[in-house]
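Each reported figure results from applying straightforward, stated rules to the coordinates on display, with no laboratory input. The structure presented is a predicted model; accordingly, all values stated were derived computationally and were not measured. Neighbour counts are summed over all protein chains in view; Cβ atoms, including those assigned to glycine, are modelled from backbone coordinates with ideal geometry.
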Number of protein chains: 2
Amino acid sequence: MMKVSGNGFCSPLVVVVLSPDTKEETVAWLLRRMREKQQDGGTLTGLLMIKDLPKSAELLVDPLGSKVEEKENPNIFLVTASWQRLLTGAEDLGLFKEFNDGSMRSFTFINRHNFKEFHGDGDGFLSMAECQYIIKHELETLRAKDETHVPGYAQAKLYPGKSIIRRLQSKKIMIQMFPLHDKEELKRLSFKWYKKVKTSLQPLDNIRHYFGEGLALYFAFLEYFTMALVPLALLGLLYCQFDWENYDKYVFFAVFNLIWCTVILELWKRCSASLAYHWGTLSRKKVFEEPRPGFHGILGFNPVTGREEPLYPNYKRQLRIYLVSLPFVLLCLYLSLYVMMIYFQMEGWALMLYDKDPTFCTKLFLYIPGIIYAVVIEIMNLIYRYAAEFLTEWENHRLESSYQNHLVLKVLVFNFLNCFASLFYIAFIMQDLVLLRQNLATLLITSQIINQFMEAFLPYWLQRGRNKMMMMEIPLNEQGTFDDYLELFLLFGYISLFSSVYPLAAVLVVLNNITEIYSDAFKMCNLYKRPFSDPAANIGIWQLAFEAMSVIAIVTNCTLIGMSPQVRAYFPDSEMHLMLWTVAIEHGLLAFKFIVAFLVPDIPKHIRINLARLDFESMEALKKKKMFEFPVMRRVAGEKE
Amino acid sequence: MMKVSGNGFCSPLVVVVLSPDTKEETVAWLLRRMREKQQDGGTLTGLLMIKDLPKSAELLVDPLGSKVEEKENPNIFLVTASWQRLLTGAEDLGLFKEFNDGSMRSFTFINRHNFKEFHGDGDGFLSMAECQYIIKHELETLRAKDETHVPGYAQAKLYPGKSIIRRLQSKKIMIQMFPLHDKEELKRLSFKWYKKVKTSLQPLDNIRHYFGEGLALYFAFLEYFTMALVPLALLGLLYCQFDWENYDKYVFFAVFNLIWCTVILELWKRCSASLAYHWGTLSRKKVFEEPRPGFHGILGFNPVTGREEPLYPNYKRQLRIYLVSLPFVLLCLYLSLYVMMIYFQMEGWALMLYDKDPTFCTKLFLYIPGIIYAVVIEIMNLIYRYAAEFLTEWENHRLESSYQNHLVLKVLVFNFLNCFASLFYIAFIMQDLVLLRQNLATLLITSQIINQFMEAFLPYWLQRGRNKMMMMEIPLNEQGTFDDYLELFLLFGYISLFSSVYPLAAVLVVLNNITEIYSDAFKMCNLYKRPFSDPAANIGIWQLAFEAMSVIAIVTNCTLIGMSPQVRAYFPDSEMHLMLWTVAIEHGLLAFKFIVAFLVPDIPKHIRINLARLDFESMEALKKKKMFEFPVMRRVAGEKE
């Protein structure tokens, strides 16, 4: 719960940890820069921000003040700010809050009293997660003015406009920066979320209040995906009950899969829009996104805002993307395929060896290629992940969202190939559906066992161990949703691409997802550092990734249908005609999918009407205003009054 | 040129023609309704509009006052309005005009003096086309209040909210309504446009000023399309020069076509956005679109604006679309295919007859199927067009844009099938590339001859005749751009789908387009009534139609490539492998096309920056305003001051 001291200051929000051996000179300089007030001493207003740059953070910083920790590291600081500072920060970030009339509007300091639940000086108006998000933003946009290096560290170069925090991090002077948990609220949340016997769905609003919109959307999607799988799982169970060994019946499942994966993604878009509207992030403008902390360039003026910030020419970024990153990714994909082909060859040899001389020794040989392949894939994944992060950082994207998109895209393509290339090979080149089914089952079951262990048992064990040994309660580093989404993406792939030949897959994934919800909830509340909240309006590039997968699913399911014995029976003489028909129907389905996606509105009607009404009202209001009452416009127009 | 009389009234703008035998009672009532002022006598402001509905038109209406015409029809009226009325109309319509700082902003009456070229009371600020557009809007939104029928015509039913003009038109009481030409400006325009020897491109800005954005965009697109065809045409000429009879070389053209049609459409989007930004229609908000005149329903309150207007439940419209229109269209498509199959059968018979007994008589028989088919297609087209218009009207779309989209879609699908089904049949079922080439050449050349005659010679002849005979100078009814776009769409189809087997097609189309530009320009300036301007931001659903065609072009070109002898030579043994490769490459190209369309921004960077800056400025300005200065918001919030 947020506590406010009498003088309108908020309780500690964010922890900043510097290296224990940081020079005093450096600490003093950093604290001064963080505490620095606006040059004219007044509050931060939009007009001043345009005039006086780089702006100051005006934060309140105190040492941790705990005896135990201070002995180990005296350079741990608690950061907070005055309510007024936080509210102007909320305005800068364009946070949407509920207005008096029930609609969601961009918060502005001057109109603060017209927002719902704004009382007194604003105590409790912003959630703790929002305050922490604001502090994080202020810290990250703390930029060098005329310093050429970090005082005390000549090798930590600075130039006007460079993010100070980022340089401190890259030089390992700042170890970490994370938001504080709120024990009481967390207890209430975890009780609602996973401790009591569940008769309802997850408390998404509470999750959002505590962890922010990005994480709440992840849990909403995980829940939605699980629910969407239930019909598939039931169908799978029924199928197993009656003709478990009849591979020929899979045509029906392939058709069902086709429809299922298109429909659930369309509906999720609408669900997600409803949630985002309800949370005020749907219509939040993206225009004012600040450059990400790692972004560097020559200081100039942003053509949109007129503010001073580092600029980096777009053509240079494009060159880096298309001349370095793209060839690198393609090379890795080629390598991955090459390794897969070696694996299949090795398996062939092992099989041949066993056929020739079926002893125990040669039977062991049968497992060796699979083990080697699994190890090599893991190693490749690891190396590739580092390389992708390095390359995306080096591409120097201005926006965090753009950085994330490029990173996700790189990792996604590689993981997709690693996971599915062998299945594609078995399904369409070898055309061995029995082997496909075996492989799919093995993949799903092993990945689920590993997952259960890593995500459910291990965290539980870790926490028990920690409590027993009374270890220092320093939580694990926070974990983003990246890997969680990636896991869901691959599961979605197994289901939508190939589950028609192994209908039990949906059952396995449902079980997996249910434990995933509980273990993820447990992890978030107990194990990891609290993550900074992220006011997301949708699941971002993952929506696109899932859509792409559903397009690929149409292609694979059509091909599986075309390969099925029942369908082949219709074309006893001509393989060619069968193929023509398959391709024609597949094209028809693809066209149909795009038409459906085009026709179904992404935002439910009542929300569209609400948004249109807000737009209309502000237009009507603008019409009634004389332009000269808008100071910015007047200045731009250069008009005399 | 706009003339203004001393008392601030504009010269006549729009002609309204009632039937000569209209009852006097009706004329008097209509004139009264058109002239009616706001109930409180004040000017029209946004707040009053919300309060006092239905609003009044406040137009100035006078009889034509010409002796000759009055004898034939005394019920011709000239409509205009005061400058102030026109300016408030411009505000209601959200017209974008150039602001003092060079940016384009939504015009508001209260800020009128901050707009560029606003002098005195607004004389010359709005172009004549804009004034006429405003008058048209006012006439069309003149709605019945408590009248149950048109006075004097008991059968012409009215109900609150019904558009009066529309009812008068449907009952043939009002014959027509059209904007007046401005002889002097038209003369200047036509000189610049097509009379002087052309060393430059079309005067698009002048066209836009006189005819509005919609028509100017059509001419811009026609010009762009022609320019884009030039490389294809040059290549085609070169090709004819060297190996005219070598069908095998078409693979190269197919590949070129593939790339060409994707690239030119992507670039056009950017061109079109540039033009629309320059003309102020790009960022014009669509939210406030009034219901179209033909829209009917029970009077209620619009959920967005809160204004009273007819409402019609969406599910009823959807039912009509999916249960009536869609099956009807599908049936027509089936019929069209059926007729085509009969044609091919008849041709087979005729050929058989001629083979058996090759006399002059049987040779004549060879032409009969083609002639019958052509006539049947024309008749089907005609009937279908009427049916499509009737159905789309009956679907009762609220917005004109939605009506247009549904109409275009219906007509497009049918025309596509009519024009291309036989070519598809010849190319892919009969696989007879020689016949395909003959048919394509015949189609293009005959359509071009007919086109030249109908669009170039006929208008010229008509005008000469008219001048000679000193006929009354009543121009032909204005013609929309619908048929012109349809023609371009079909030409684009011939080129992108099949021109690889007949590279001269591009040359023919370039020639056709050049004459098209001249003849269309001549028609617009001399023959037809001036059309009402239409503030379009892009070519609307036609962009989508052309994109869809370019997707189909990828499929056809890939198939043509797969069918080519050179490619077949690589797969001497296996048809199956050839097909697999063709399908794989085609899928790759489709994916690539979507990725390119996704990556290339639709709006050029400098315009995106300008738009973002405007957004940013108005957000900053809003932040600085206390909310209570916006009357609408305060009322909605229901807050006490």
Exercise for the section: Over all directions, average the projected area of the Cα convex hull of region A:552-591 and note it in nm². Expected result: 2.5 nm²
Practice task
Provide the packing ranking of A:549-562, A:354-367, A:421-434, i.e. peptides ordered by the mean count of other C-beta atoms within 10 Å per residue, highest first.
Solution key: A:549-562, A:421-434, A:354-367
Practice task
Shielding by partners for A:88-101, please: the mean number of other protein chain Cβ atoms within 10 Å of each residue's Cβ.
Solution key: 2
Practice task
Would you work out the charge dipole size for the protein assembly as shown about its Cα centre, treating the Cβ of every Lys and Arg as +1 and the Cβ of every Asp and Glu as -1, and quote it to the nearest 20 debye?
Solution key: 2700 debye
Handout entry: Exceeding the 27 Å Cα-Cα cut-off - candidates B:LYS136/B:LYS183; B:LYS116/B:LYS145; A:LYS145/A:LYS172; B:LYS97/B:LYS410
Key = B:LYS116/B:LYS145; B:LYS97/B:LYS410
Handout entry: Kirkwood hydrodynamic radius of region A:401-448, Cα pairs, Å
Key = 12.2 Å
Practice task
Might you report the magnitude of the Cβ-based charge dipole of chain B about its Cα centre, with Lys and Arg at +1 and Asp and Glu at -1, to the nearest 20 debye?
Solution key: 1400 debye
Completion exercise
Rounded to the nearest 0.05, FRET efficiency between B:PHE191 and A:ASP146 (Cβ-Cβ, R0 56 Å) equals 0.35
Fill in the blank from the handout: Here the convex hull volume per residue of region B:255-373, taken over Cα atoms and given in Å³, is 252 Å³
Exercise for the section: List the residues whose amide H sits under 5 Å from the amide H of B:PHE96, counting only those 5 or more places along or on another chain, with H placed 1.01 Å from N in the peptide plane. Expected result: B:PHE107
Completion exercise
Exposure-ranked with fewest Cβ neighbours within 10 Å first, B:LEU490, B:LEU237 stand as B:LEU237, B:LEU490
Practice task
Would you compute, for the Cα atoms of region B:317-420, the largest minus smallest coordinate along each principal axis and list the three values in descending order, in whole Å?
Solution key: 62, 20, 17
Problem - 10 Å Cβ neighbours from other chains, averaged over peptide B:608-619 - result: 5
Handout entry: Whole-angstrom Cα spans of chain A along principal axes, big to small
Key = 86, 62, 55
Practice task
List the extent of the Cα atoms of region B:118-170 along each of their three principal axes, largest first, rounded to whole Å.
Solution key: 48, 19, 17
Handout entry: Stokes-Einstein D (µm²/s) once Rh is taken as the Kirkwood radius of the protein assembly as shown over alpha-carbon pairs, at 25 °C in 0.890 mPa s
Key = 69 µm²/s
Problem - If the convex hull is drawn through the Cα atoms of region A:201-267, its volume per residue in Å³ - result: 93 Å³
Problem - Vicinal HN-Hα couplings computed from phi for region B:14-19 (Karplus, 6.51 cos²θ - 1.76 cosθ + 1.60; Hz; Gly/Pro x) - result: 10, 9, 10, 10, 9, 4
Handout entry: Translational diffusion of region B:77-159, µm² s⁻¹ [Kirkwood Rh, Cα pairs; Stokes-Einstein; 20 °C; 1.002 mPa s]
Key = 147 µm²/s
Problem - Calculated [θ] (222 nm, deg cm²/dmol) that DSSP helices of n ≥ 4 give over chain A, each run adding -39,500 (n - 2.57) - result: -19000 deg cm²/dmol
Exercise for the section: Of the options A:CYS332, A:PRO303, A:TRP349, report the single residue whose Cα projects farthest towards the positive end of the charge dipole of region A:285-359 (beta-carbon charges: Lys, Arg +1; Asp, Glu -1). Expected result: A:PRO303
Handout entry: Cα→Cβ-extended label distance, 7 Å offset, between B:ASP573 and B:ARG32, nm
Key = 9.3 nm
Problem - At R0 = 35 Å, FRET efficiency that the Cβ-Cβ distance of A:PHE242 and A:TYR518 yields, to 0.05 - result: 0.65
Problem - 3J(HN,Hα) from dihedral phi, region B:589-602, Karplus parametrisation 6.51/-1.76/1.60, rounded to Hz, x for glycine, proline - result: 5, 4, 4, 4, 4, 5, 5, 4, 4, 6, 7, 6, x, 6
Problem - Cα pair distances in region A:492-565, grouped into 5 Å bins until the bin that holds the longest one, percent each - result: 3, 13, 14, 15, 19, 14, 10, 6, 3, 2, 1
Exercise for the section: Quick one: dipole size for region A:211-272, taken about the Cα centre, charges +1 on Lys/Arg Cβ and -1 on Asp/Glu Cβ, in debye to the nearest 20. Expected result: 180 debye
Practice task
Jot down the per residue volume, in cubic angstrom and as a whole number, of the convex hull over the alpha-carbon atoms of region A:505-624.
Solution key: 200 Å³
Practice task
Pop out the ³J(HN,Hα) list for region B:376-389 in order, Karplus 6.51 cos²θ - 1.76 cosθ + 1.60 with θ = phi - 60°, rounded to Hz; leave Gly and Pro as x.
Solution key: 4, 4, 4, 5, 4, 4, 5, 4, 4, 4, 5, 4, 5, 5
Practice task
Determine, for B:ILE539, B:ILE377, A:ILE342, the number of other Cβ atoms within 10 Å of each Cβ, and report the residues in order from fewest to most.
Solution key: A:ILE342, B:ILE377, B:ILE539
Practice task
Quick one: grab the alpha carbon gyration tensor of region A:98-246, order the square roots of its eigenvalues as a ≥ b ≥ c, and give me rounded if a/c is under 1.5, else prolate or oblate depending on whether a/b is larger than b/c.
Solution key: oblate
Problem - Among A:PHE616, A:VAL596, A:PRO572 - extreme Cα towards positive end, dipole of region A:572-622, charges at beta-carbon - result: A:PHE616
